[in-house]
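As structure tokens, the structure follows; a few thoughts come after it.
The values are calculated or read from the model by the stated rules, or taken from the named source; none is laboratory data. In this text, all values refer to a predicted model and were calculated from it rather than measured experimentally. All Cβ positions, glycine included, derive from the backbone under ideal geometry; neighbour counts span all protein chains shown. Please note that ligands, DNA and RNA were not included when accessible areas were found on the heavy atoms of the full protein model with its side chains. Shrake-Rupley method; radii C 1.70, N 1.55, O 1.52, S 1.80 Å.
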Amino acid sequence: MKELMQKIIEFRDERGWSPYHNEKDLALSISLEANELLENFQWRTSEEAVAESKQNIKEEMADVLIYLLQLADKMNIDLEEEAFKKMEKNAVKYPVNKKK
């Protein structure tokens, strides 16, 4: 994860984009890219979308991840650590013995 983060930040900085990547705009970009991902599934079954648009789906997923990692960097958040914490919280909230 750290190597990927370094590559993303290097890419951004080489292009001088850092001043434009504030928390609000990064959050907006995550939402926009997530919606572009969702467009692949509009009016199709999951199977159709994956069969017809898998490459685009992968690219949109990568865009979401890239913006998310930039937001985490900007806010000095260890996203991997937070994901583990959230999984622990979810395990308490949704225990296995209560599954349907």
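Restricting to segment 54-73, name every residue that is charged (D, E, K, R) and over 10 Å from the mean Cα position of the chain (by Cα).
Passing the criteria: Lys54, Lys58, Glu59, Asp73.
Kindly provide the set of residues from segment 13-30 that are closer than 14 Å to Val64 by Cβ and either open to solvent by less than 60 Å² (accessible area, probe 1.4 Å) or in contact (Cβ under 8 Å) with a residue 60 or more places away in the chain (or both), ordered by number.
Of everything in segment 13-30, those that are closer than 14 Å to Val64 by Cβ and either open to solvent by less than 60 Å² (accessible area, probe 1.4 Å) or in contact (Cβ under 8 Å) with a residue 60 or more places away in the chain (or both) turn out to be Leu26, Ala27, Ser29, Ile30.
If the requirement is being at negative phi and open to solvent by less than 70 Å² (accessible area, probe 1.4 Å), which of these qualifies: Glu60, Glu88, Glu10?
Just one listed residue meets the conditions, Glu60.
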